[in-house]
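Supplied in structure tokens, the structure appears directly below.
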Amino acid sequence: MKAAFPDIKKIAYEGPNSKNPLAFKHYNPQEVVEGKTMKDHFRFSAAYWHCFRNGGGDQFGQPTRLMPWDDGTDSIANAQNRVRVAFEFFEKLGLEFYCFHDRDVAPEGKTLAQSHKNLDEVVKVLKEEQQRTGIKQLWGTACLFAHPRYMHGAATSCNADAFAYAAAQVAKAIEVTRELGGSGYTFWGGREGYKSLLNTDMGREMDHLAKFLHMAVDYKKKIGFTGQFYIEPKPKEPTKHQYDSDVAACFAFLQKYGLVNHLKMNIEANHATLAGHSFHHELEFALANGIFGSVDANRGDLMLGWDTDQFPTDIYDTTYAMLTILKAGGFTTGGLNFDAHVARESFEPVDLFHAHIGGMDAFARGLKIAAAIRKDGVMAKFVKERYASWDSSIGADIEKGKVGFTELSKYMLEKGEISPNASGRVEMLENILNEYI
């Protein structure tokens, strides 16, 4: 097959002093940080949908991207050729993983059976390319939001047939993920929510969503898929409200329906922004509650109210993220998937390389900064000292469950007033962070 990117060689690490735009300045795959190579820390992945299915169109304009390898048809031959182009890109960038929706890689057929057959034909080429290159599938998922049949949702649709169709589609997607050796499977409820409560039975819809996920867990066991299941939280867009609105909402849902042992979170930075949280907050909440799993690495624009899916280039964001990821012990089945697309005006094939290089370098810098902060221990020491009152005396008794309101009332009546509060030193800590960056 003719090369899709003939003028681009494998991207190499050239160091911070390099002026080559097609080289890594900070991401050195073999560099060891905290006892692990950068490659193993990140488990970088490309999003097939943004790289090879997103043409750069938006609500107000037509697609702009040049994709000379794509003939613009929904033929199986074109889909298979696109796979080979994708793996050329993954190889030259040095990625070890990729992610896709079922409808990204294979065209929808006129019937469900035809869609399954189309997917099988493309999976043959995916397997060939994985075997040729050693590149793996990080996780799979099904597109349950684009087709008109899902206008009311999929697992939460008011139409039981839509629920059944979605179940069949997800079953096939899980089978394919197992066949390709995928490390996990992600549920993203793009339309699992509502536009108006006037026509919505919220309780019934959430019950149905839980049934759907339990069915998926049962099917996973039935076919012997051992990968991790994830939920990807998102509060809005395209619906007014989605039931998986943020990590906290997902955690409450998983607890209520007895699913907390079966699913972890795939946290996207831009979705955190839409939920009114920071990326760091969502990661910390997931870690604190034992549901941290994987990451969709991107960023949003605070001046825009939708999912802009820009590549991550903010060193503060990547540093905060890596502080939490390192604290979590790193990824196991998950990784950093670039769920991001190039700007509409960045339309040439080479721009896809520039975008990923920038994101990978930004996370490499974040990793090194986070590791330096952890090694020095200044911030960790401050936090430990801030909570010192809980490590002995009445604080320790509270945490151990040795006292209740009666004992605490007696304690404070005898003491009269609390020990003086200490300053939180927010500005000092921000200044210290700046010293590392």
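The values are calculated or read from the model by the stated rules, or taken from the named source; none is laboratory data. Here the structure is a predicted model, which means the values were calculated and not measured. Reconstructed Cβ throughout: ideal geometry from the backbone, glycine too, with neighbour counts over all protein chains shown. The accessibility values were calculated without ligands, DNA or RNA, using every heavy atom of the protein model including side chains. Shrake-Rupley method; radii C 1.70, N 1.55, O 1.52, S 1.80 Å.
Taking the range 411-433, which residues are hydroxyl-bearing (Ser, Thr, Tyr) and either surrounded by 13 or more Cβ atoms within 10 Å (Cβ to Cβ) or within 18 Å of Tyr320 (Cβ to Cβ) (or both)?
Of all residues in the range 411-433, those hydroxyl-bearing (Ser, Thr, Tyr) come to 411, 419, 423.
Within the range 411-433, Tyr411 is the sole residue that qualifies.
Read through the list (1) aliphatic (A, V, I, L, M); (2) in a loop (DSSP other than H, G, I, E, B); (3) over 26 Å from Ser294 (Cβ atoms); (4) open to solvent by less than 40 Å² (accessible area, probe 1.4 Å), then give the number of the only condition that Ala340 fails.
The single condition Ala340 does not satisfy is (3).
Pull out all pairs, ordered by first then second residue, where Cβ-Cβ is under 6 Å, the residues are six or more apart or on different chains, the first lies in the range 395-411 and is at pLDDT 95 or above, and the second is in a loop (DSSP other than H, G, I, E, B).
That search, which allows pairs on different chains as well, returns Asp397/Val403.
Then there is this: Of the conditions (1) modelled with pLDDT under 95; (2) assigned to a helix (DSSP H, G or I), Lys236 satisfies every one except a single condition; which number is it?
With respect to (1) modelled with pLDDT under 95; (2) assigned to a helix (DSSP H, G or I), Lys236 is out only on (2).
Here's another thing I want to ask about it. Within the range 214-229, how many residues turn out to be part of a helix (DSSP H, G or I), surrounded by fewer than 19 Cβ atoms within 10 Å (Cβ to Cβ) and under 21 Å from the mean Cα position of the chain (by Cα)? Talk me through it step by step, then tell me what you get.
So in the range 214-229, the residues part of a helix (DSSP H, G or I) come out as 214-223.
After this cut, where a residue has to be surrounded by fewer than 19 Cβ atoms within 10 Å (Cβ to Cβ) as well, the list is 214-215, 217-219, 221-223.
Imposing the further condition that a residue be under 21 Å from the mean Cα position of the chain (by Cα) reduces the set to 217.
So the count comes out to 1.
Tell me, yes or no, whether the range 273-281 has at least one residue that is at pLDDT 95 or above, in contact with a Ser or Thr (Cβ under 8 Å, 6 or more places away or on another chain), not in a loop (DSSP other than H, G, I, E, B) and not acidic (Asp, Glu).
yes
Would you say Lys19 is part of a loop (DSSP other than H, G, I, E, B), modelled with pLDDT of 95 or more and charged (D, E, K, R)?
yes
For residues that are open to solvent by 20 Å² or more (accessible area, probe 1.4 Å) and touching a residue at least 24 places away in the same chain (Cβ under 8 Å), scanning just the range 108-119, find the one that is farthest from Ala86 (Cα to Cα).
Leu112
Same structure again: From the list Asp74, Asp40, which one is over 28 Å from Ala321 (Cα atoms) and open to solvent by 40 Å² or more (accessible area, probe 1.4 Å)?
On inspection, the qualifying residue turns out to be Asp74.
If a residue has to be open to solvent by 70 Å² or more (accessible area, probe 1.4 Å), out of contact with any Lys or Arg (no Cβ under 9 Å at 6 or more places or on another chain) and of a type outside the set (Val, Ile, Thr) to count, how many in the range 382-410 make the cut?
Summing the residues that are open to solvent by 70 Å² or more (accessible area, probe 1.4 Å), out of contact with any Lys or Arg (no Cβ under 9 Å at 6 or more places or on another chain) and of a type outside the set (Val, Ile, Thr) in the range 382-410 gives 12.
Rundown of residues vs (1) open to solvent by less than 40 Å² (accessible area, probe 1.4 Å); (2) part of a helix (DSSP H, G or I); (3) of a type in the set (A, V, I, L, M, F, W, C); (4) at pLDDT 95 or above, yes/no style:
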position: Gln30; (1), (2), (3), (4): no, no, no, yes
position: Cys51; (1), (2), (3), (4): yes, yes, yes, yes
position: Met67; (1), (2), (3), (4): yes, no, yes, yes
position: Asn81; (1), (2), (3), (4): no, yes, no, yes
position: Phe89; (1), (2), (3), (4): yes, yes, yes, yes
position: Cys99; (1), (2), (3), (4): yes, no, yes, yes
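How many residues does the range 122-143 contain that are open to solvent by less than 20 Å² (accessible area, probe 1.4 Å), assigned to a loop (DSSP other than H, G, I, E, B) and more than 14 Å from Ala106 (Cβ to Cβ)?
Total satisfying the criteria: 1.
Would you check which residues across the range 162-201 are open to solvent by 70 Å² or more (accessible area, probe 1.4 Å) and part of a helix (DSSP H, G or I) and list them?
Arg178, Glu179, Leu197, Leu198, Asn199
Kindly indicate the residue of the range 346-381 that is over 14 Å from Tyr27 (Cβ atoms) and among the charged types (D, E, K, R) and also least open to solvent (accessible area, probe 1.4 Å) among those meeting that condition.
Filtering first and then ranking leaves Asp351.
Can you confirm whether the range 124-136 contains a residue that is closer than 23 Å to Gln228 by Cα and touching a residue at least 60 places away in the same chain (Cβ under 8 Å)?
Scanning the range 124-136, I find no residue that is closer than 23 Å to Gln228 by Cα and touching a residue at least 60 places away in the same chain (Cβ under 8 Å), so the answer is no.
List the pairs whose first member sits in the range 155-178 and is without any contact (Cβ under 8 Å) to a residue 60 or more places away in the chain and within 19 Å of Phe100 (Cβ to Cβ), whose second member is charged (D, E, K, R) and not in a loop (DSSP other than H, G, I, E, B), and whose Cβ atoms are under 9 Å apart, counting only residues at least 6 apart or on separate chains?
Matching pairs, first to second residue: Ala166/Arg149; Val170/Asp102; Ile174/Lys220; Arg178/Lys220.
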